[in-house]
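These notes concern the structure reproduced below.
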Ligand SMILES: C[S@@+](CC[C@H](N)C(=O)[O-])C[C@H]1O[C@@H](n2cnc3c(N)ncnc32)[C@H](O)[C@@H]1O
């Protein structure tokens, strides 16, 4: 079969290229269907049971989890084909390697990913709503997504914050760690379920933390998380938008993976500037990205552009201004936002494969 170019010339497909592309499609469709199976395994406790009871057969795992053996057998086969669990053909048993256990069974590991797959549930469930946003141009508010997005976001980001925030990111800022240890006022803007706020409150008990987010149910959950972690005496939460949260004289304002979701990031940055002490700092954490699209065409960019199309960009479009930075904004665009808000100093303090970490000062 030949296809037509815009000029009308007929170009025959290259069979080898087509075969290779179909191979990629089979892999990608396998990955896409595996997402639902990871969510199942996570919700049903199958990974944790396998980590605790493996190597195990489907019968062993069914006994340990009190779930249907036949369905577990099928799930295990799919997981082994995906290389998410390990199958030993001699014993007929399944197990998690130490690396697979870190990714799927250990919520406290720095590379726990099972929670993040829940985020993909929201992406699939909300596709009809995003379709309407494409048609209307009016965006889709963060709060309008399926509820699984909010919990999933916290579970996706928390491992990275847990591994980096107090040990790498805060120490990378000029003089900030000493202030937090001595006792400082900190705002966490767009805090969602408060994972970052609670982690900071645990690490710096002499400081006071104020978490803000425009999404009321997330703020409610953040308050409960602080109480569960025993830090409610120094971490409080309030529903407020980034452009007008209350309070001033902050030593540090943080935004973790949220600036690009906002409709008016320049307005938010201007408000941050006036809420900071003159020698205060803004810790801005954004998804890792290069400035040019061509440099982001890689697995990390693929993941973030995907989430950005389905969640972040329509979220920004749904708010006033609707700047729609996207989750792959990159350093140059982020710097421009801060300069337009009147900040004069901006530097990349550090980075991880997933995040850019900036120190911004008045
Ligand atoms: C990707 S989530 C990140 C949440 C949290 N910082 C974290 O890392 O887990 C983006 C957050 O930004 C919040 N948000 C979006 N627009 C906002 C605005 N204008 N003011 C305050 N929060 C906003 C959303 O409600 C959501 O909780």
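Taken together, the values in this text are just the output of simple stated rules run on the coordinates, not laboratory data. None of the values given here were measured: they were computed from a predicted structure. Neighbour counts run over all protein chains shown; Cβ positions are idealised from the backbone, glycine included.
Which angle from 0 to 90°, rounded to the nearest 10, does the C-alpha axis of helix 216-228 make with the longest principal axis of the chain?
90 degrees
Compute for segment 57-198: radius of gyration divided by Kirkwood radius, i.e. Rg/Rh, restricted to C-alpha atoms, rounded to two decimals. Present the calculation step by step, with values, prior to reporting the outcome.
Numbers: Rg = 20.6 Å, Rh = 18.7 Å.
When Rh is taken as the Kirkwood radius, the ratio is 1.10.
For a quick check: sort 276, 40, 356 by the number of other beta carbons within 10 angstrom, fewest at the front. Mind showing how you got there, number by number?
Working: 276 23, 40 14, 356 20.
The fewest-first ordering by Cβ neighbours comes to 40, 356, 276.
Per 0.36 nm of contour for each residue apart, how much would the distance between residue 125 and residue 239 grow if the chain were fully extended, relative to their Cα-Cα spacing?
Details: separation 114, 0.36 × 114 = 41.04 nm, distance 2.62 nm.
Full extension of this stretch gives 38.4 nm more.
Using bins 5 angstrom wide from zero, how does P(r) for segment 191-333 break down, in % of all Cα pairs?
All Cα pairs, binned at 5 Å, distribute as 2, 10, 17, 20, 19, 15, 10, 5, 1, 0 percent.
Where does the chain land at 222 nm, in deg cm²/dmol rounded to the nearest 500, when only DSSP H runs of n ≥ 4 count, each adding -39500 (n - 2.57), divided by all residues? It would help to have the intermediate numbers written out before the result.
Details: 15 runs with 169 residues, N = 362.
Taking each H run of at least 4 residues, the total per residue is -14000 deg cm²/dmol.
Given Cα pairs under 8 Å that are at least 6 residues apart, what percent is the relative contact order of the chain?
Numbers: 647 pairs, mean separation 43.3, N = 362.
It rounds to 12 percent for the chain.
Would you mind computing Rg(Cα) / (2.2 N^0.38 Å) for segment 168-232, counting N as its residues?
In units of the 2.2 N^0.38 Å rule of thumb, it is 1.10.
How much length is gained if the chain between residue 24 and residue 40 is pulled fully straight, taking 0.36 nm per residue apart and subtracting their Cα-Cα distance, in nm to one decimal?
3.3 nm
Please report the Cα spread of the chain along all three principal axes, rounded to whole Å, starting with the longest.
65, 63, 33
Debye calculation, C-alpha points only, no solvent: report log10 I(q)/I(0) for segment 1-134 at q = 0.12, 0.17, 0.19, 0.20 Å⁻¹, in the same order as the q values.
-0.61, -0.93, -1.06, -1.14
Where the centre of each part is set by its Cα atoms, how far does segment 223-251 sit from segment 100-114, in angstrom?
28 Å
With only alpha-carbon atoms counted, please give the Rg and Dmax of segment 265-362, in Å.
Values for segment 265-362 (Cα only, Rg and Dmax): 13.7, 40 Å.
Order 199-206, 310-317 from most to least packed using the mean count of other Cβ atoms within 10 Å.
Going by the mean number of other Cβ atoms within 10 Å, highest first, we get 310-317, 199-206.
Average the reciprocal distances over every distinct pair of alpha-carbons in segment 82-126, invert the result, and give the Kirkwood radius in Å. Please list the in-between numbers first.
Numbers: mean 1/r = 0.0836 Å⁻¹.
Every distinct Cα pair counted, the radius reaches 12.0 Å.
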